[in-house]
Amino acid sequence: MQKETEVFDLIGRERERQMRGIELIASENFVSDQVLAAMGSVLTNKYAEGYPGHRYYGGCEVVDQVEELARTRLKQLYGAAYVNVQPHSGAQANMAVFMACLQAGDTFLGLNLSHGGHLSHGSPVNFSGLMFHALDYSVKESDGLVDYDELERKARAERPKLIIAGASAYSREWDYARIRKVADEIGAIFMVDMAHPAGLIAAGLLKNPVKYAHIVTSTTHKTLRGPRGGIILMGEDFPNPWGKTTPKGEVKMMSALLDSAVFPGTQGGPLEHVIAAKCVAFGEALQPEFKTYQQQVQKNAAVMAKAFMDKGYNIISGGTDNHCMLVDLRNKYPELTGKVAEKALVAADITTNKNMVPFDSRSPFQTSGLRFGTPAITTRGLKEDKMPEIVELIDRVLQNPDSEANIAAVRAEVNKMMADYPLFAW
Ligand SMILES: *Cc1c(COP(=O)(O)O)cnc(C)c1O
């Protein structure tokens, strides 16, 4: 076999990029060496369609134990009664829930995408918006908080079969109990997508949605700091309120509906190497150090948000309860788009992403906002004393985003700062 060099050279370059920069993308993190080792293991060689004890292939004795252990740890982490660890990603987990709970064309209600919602909560270019009737609720222009009055009004008027809470760019705690109440009133299923704050929730720093929602979905690679992947959880089993029946005429339990919606409904063979890595990450999240880490994530985010506001930046909702924040650039730099800002910051080795802000006057390609998060830099070991320094570096780039000399000067300081925070053991 010819020795592969091209790909490994590129991987080496990506490793360099991750080491030298300040990683502020709110949905990213750095996994541990043991998570990485499990992901790069021989388990990738195994086909295991089905579930532990009920596979369509032989030789699954070992991967059965891996998947069982992952399920046990995940249940313990969130106090769940049912879990599925097979979804390949967060979007796949959501697709399985749609498949289990709705028929094509059914109505559901989720947070407006330009107000922080996710693609898989009803975007017209995503399966959720293409195959189902998507309605949305907003955040209020006055304070950037979810408009629960509007949510209740729409739920009562339109009677969606599914209500989704959870977001990709929302920095505040949710009132799950209030949403559950209106869901019960209209007989809707309430799903929480905790993809972003899952790690903070596991550490007990935010409310656990498993206690309020019928179904919870998540990614495993954001604050939870595992491999790229998805999961589905339920606090307790319950029958499908619309009485979907099996070919034998039995009412199927939601657990069975969800399992079959993942496989064979929307996926084939599970990625057992990724499930092993999820299992390692759940094990890490059960350790006391994980809580210390998440507390630091939250503290870093609060201090960073305050540092931005002290410099006159507008943070949507005026702060953060979790790991992320959304900066509206319009008052401070009216001419600067999120697109230009992102490009200039990336050139200075500060990685972030442009983001729509609620009631944005610009298009999704330009945007007026930037989203920042602290999970990755906190994993790297940065404490709250560094946050004002980082905000200062960001502000220096944004003051003068067209000057190559300015960007180069900031980049040198960024690289110097990050050299003090080793990232990989190998
Ligand atoms: C990131 C995210 C997802 C999707 O995760 P992928 O693994 O990229 O498919 C789903 N929902 C929310 C709220 C997210 O933030």
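The values are calculated or read from the model by the stated rules, or taken from the named source; none is laboratory data. Here the structure is a predicted model, which means the values were calculated and not measured. Heads up, the Cβs are rebuilt from the backbone with ideal geometry, glycines too, and the neighbour counts pull from every protein chain shown.
Residues in the stretch 297-353 that are of a type in the set (Gly, Ala, Ser), within 14 Å of Thr374 (Cα to Cα) and surrounded by 21 or more Cβ atoms within 10 Å (Cβ to Cβ): Ala301, Ala305.
Restricting attention to the stretch 14-69, which residues are outside any helix (DSSP H, G or I), within 30 Å of Ala376 (Cα to Cα) and hydroxyl-bearing (Ser, Thr, Tyr)?
Those that are outside any helix (DSSP H, G or I), within 30 Å of Ala376 (Cα to Cα) and hydroxyl-bearing (Ser, Thr, Tyr): Ser27, Ser32, Ser41.
Filtering the stretch 149-171 to residues that are without any contact (Cβ under 8 Å) to a residue 40 or more places away in the chain and buried (at least 16 other Cβ atoms within 10 Å of the Cβ) leaves only Glu152. Would you pick out the residues in the stretch 68-100 that are within 16 Å of the ligand (Cβ to nearest atom) and either farther than 30 Å from Leu286 by Cβ or of a type in the set (Phe, Trp, Tyr) (or both)? Across the stretch 68-100, the qualifying residues are Phe98, Met99. The helices (runs of 4 or more DSSP H) falling completely within the stretch 110-225 that include 1 or more residues that are within 16 Å of the ligand (Cβ to nearest atom) map to 127-131, 176-186, 198-202. You will find that of Ala202, Ala198, Ala100, the residue that is farther than 30 Å from Phe290 by Cα and surrounded by 23 or more Cβ atoms within 10 Å (Cβ to Cβ) is Ala100 and no other. Say we look at the stretch 372-426 and pick out the residues that are farther than 23 Å from Leu224 by Cβ and of a type in the set (Gly, Ala, Ser); which of these is farthest from the chain's Cα centre (by Cα)? Among them, the one singled out is Ala405. When you go through (1) charged (D, E, K, R); (2) over 24 Å from Ser27 (Cα atoms); (3) modelled with pLDDT of 95 or more one by one for Asp184, which number turns out not to apply? For Asp184, the failing item is (3).
Of all the criteria given as (1) surrounded by 15 or more Cβ atoms within 10 Å (Cβ to Cβ); (2) at negative phi; (3) modelled with pLDDT of 95 or more, the one not satisfied by Leu423 is (3). Being surrounded by fewer than 24 Cβ atoms within 10 Å (Cβ to Cβ) and more than 16 Å from the ligand (Cβ to nearest atom) is a property that holds for Ser41. Filtering the stretch 226-248 to residues that are modelled with pLDDT of 95 or more and either in a strand (DSSP E or B) or more than 18 Å from the chain's Cα centre (by Cα) (or both) leaves Gly230, Ile231, Ile232, Leu233.
Taken over the stretch 397-421, the residue count meeting the criterion of being touching a Pro at 6+ places or on another chain (Cβ under 9 Å) and farther than 26 Å from Glu335 by Cα is 0.
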